[in-house]
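J.: The structure under discussion is supplied below as structure tokens; questions concerning it will follow.
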Amino acid sequence: MQAQTYPCTHYIFVDGKQFEEQAKAILKDYPNVIVTYLPMNTGAGGWTNSSINAIAPFLVKEDIICYLDDDNWFEADHIENCVATFESKRSDVVYALRNFYTPEGHFICKDFTESIGYYENRVSYPLRVNFIFNQKNYYIDKTLNRKFIDTNCYAFKRNIAVLLSHHWFSGKHNDYNVYQKILDLKLDYFCTNRFSVNYVLDVMKQLDGQEMCFYELGMKEKDIKELIYFCTQEENNLNLSLNGKEFK
């Protein structure tokens with residue numbers, strides 16, 4: 001956030017007393033950041049960022065609000081592009097596209113299938129991806145997780161953020177629920193057409209126990225991660241090819 005090319009105010013919510021000292025040690029070097037320390041972990045039990053995202057529009061005075069999880073980051077021109085899209089379109093909501101990165105910071109691919117908003121995913125699911133492990137042939141039938149707009153990709157006018165606030169308070173898939181409400185209310189929303197959100201893809205967390213079938217094949221965690229990254233690349237490259245030049 002410190003590198004943004006457009007002036008913006010950076011708010012941080014530290015979610016729980018147990019993270020306070022660690023956060024203070026980091027944030028002491030960033031005096032311009034406005035920090036709120038919450039006394040309890042509101043994201044426990046699968047509620048993730050629900051409470052914070054819901055209350056945030058009532059605690060700030062800026063005209064435009066963006067959300068950013070602590071493990072992801074924006075390109076330097078992200079806010080500038082969002083503001084420019086608001087100014088050039090009659091829009092209630094703006095969204096950017098995202099890049100997938102490993103937790104180690106290595107680029108995987110651009111997201112052309114999930115957090116794409118009004119763009120179309122033309123892949124036929126389940127998508128069969130073949131792979132070889134220990135000289136044996138296997139395949140994965142990959143399904144689409146969901147088509148939506150990721151939390152980190154949104155930019156809202158503040159009055160719209162207030163309108164949608166209680167829809168954030170809906171648990172793990174709150175960004176999907178917010179997107180559905182945007183559609184239900186027929187709000188005007190436009191894409192910046194820039195891949196300016198960098199999203200960390202934690203595949204082991206997303207597998208949520210399904211990794212056991214890979215361990216049974218003799219795979220190690222490194223093998224599983226590389227396989228899922230490969231499947232992700234294949235899926236997204238396929239939709240890019242099916243959509244031609246629709247994505248910028």
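The values are calculated or read from the model by the stated rules, or taken from the named source; none is laboratory data. This structure is a prediction, so every number in the text was calculated from the model and none was measured. Neighbour counts run over all protein chains shown; Cβ positions are idealised from the backbone, glycine included.
J.: Quick one: in the stretch 68-95, of everything that is of a type in the set (Val, Ile, Thr) and assigned to a strand (DSSP E or B), which residue is farthest from THR192 (Cα to Cα)?
T.: Applying the filter and picking the extreme gives VAL93.
J.: I need every pair where a residue in the stretch 133-157 that is without any contact (Cβ under 8 Å) to a residue 60 or more places away in the chain has its Cβ under 7 Å from the Cβ of a residue that is in a loop (DSSP other than H, G, I, E, B) and among the hydroxyl-bearing types (Ser, Thr, Tyr), sequence separation at least 6 or different chains.
T.: Filtered contacts from the stretch 133-157: THR143/TYR125; LEU144/THR113; LEU144/TYR125.
J.: Please state which one of LYS157, LYS142, LYS147 is buried (at least 16 other Cβ atoms within 10 Å of the Cβ), basic (Lys, Arg) and under 13 Å from the mean Cα position of the chain (by Cα).
T.: The match here is LYS147.
J.: Is it the case that the stretch 108-119 has a residue that's over 20 Å from TYR199 (Cβ atoms) and either among the acidic types (Asp, Glu) or touching a strand residue (DSSP E or B) at 6+ places or on another chain (Cβ under 7 Å) (or both)?
T.: No - not one qualifying residue is present in the stretch 108-119.
J.: I need every pair where a residue in the stretch 182-197 that is under 11 Å from VAL93 (Cβ atoms) has its Cβ under 8 Å from the Cβ of a residue that is among the small types (Gly, Ala, Ser) and modelled with pLDDT of 95 or more, sequence separation at least 6 or different chains.
T.: ASP188/SER91; TYR189/SER91; TYR189/GLY117; PHE190/SER91; CYS191/ALA96; CYS191/GLY117
J.: Take the stretch 1-33 and flag every residue that is hydrophobic (A, V, I, L, M, F, W, C) and either more than 23 Å from SER196 (Cα to Cα) or exposed (fewer than 13 other Cβ atoms within 10 Å of the Cβ) (or both).
T.: ALA3, VAL14, PHE19, ALA23, ALA25, ILE26, LEU27
J.: Further question on the same structure: Those residues that are in a loop (DSSP other than H, G, I, E, B) and either without any contact (Cβ under 8 Å) to a residue 60 or more places away in the chain or farther than 24 Å from ALA84 by Cβ (or both), I need them from the stretch 1-12; list them, please.
T.: The answer is GLN2, PRO7, THR9, HIS10.
J.: Considering each of VAL123, VAL94 in turn, give the residue that is touching a helix residue (DSSP H, G or I) at 6+ places or on another chain (Cβ under 7 Å), within 30 Å of GLY218 (Cβ to Cβ) and either touching a residue at least 40 places away in the same chain (Cβ under 8 Å) or surrounded by 21 or more Cβ atoms within 10 Å (Cβ to Cβ) (or both).
T.: Exactly one of VAL123, VAL94 is touching a helix residue (DSSP H, G or I) at 6+ places or on another chain (Cβ under 7 Å), within 30 Å of GLY218 (Cβ to Cβ) and either touching a residue at least 40 places away in the same chain (Cβ under 8 Å) or surrounded by 21 or more Cβ atoms within 10 Å (Cβ to Cβ) (or both), namely VAL123.
J.: So in the stretch 34-51, with the set limited to residues that are part of a helix (DSSP H, G or I) and in contact (Cβ under 8 Å) with a residue 60 or more places away in the chain, which one is surrounded by the fewest Cβ atoms within 10 Å (Cβ to Cβ)?
T.: For the stretch 34-51, the residue satisfying everything is GLY46.
J.: Can VAL123 be described as more than 15 Å from the chain's Cα centre (by Cα), of a type in the set (A, V, I, L, M) and farther than 21 Å from LYS225 by Cβ?
T.: Yes, satisfied.
J.: If only one of GLU20, GLU75, GLU62 is of a type in the set (Asp, Glu) and under 15 Å from CYS153 (Cβ atoms), which one is it?
T.: On inspection, the qualifying residue turns out to be GLU75.
J.: Could you check, for the stretch 13-24, whether at least one of its residues is touching a residue at least 40 places away in the same chain (Cβ under 8 Å) and in a strand (DSSP E or B)?
T.: For the stretch 13-24, residues touching a residue at least 40 places away in the same chain (Cβ under 8 Å) and in a strand (DSSP E or B): present.
J.: State all residues of the stretch 52-67 that are part of a loop (DSSP other than H, G, I, E, B) and buried (at least 19 other Cβ atoms within 10 Å of the Cβ); if no residue qualifies, say none.
T.: Within the stretch 52-67, TYR67 is the sole residue that qualifies.
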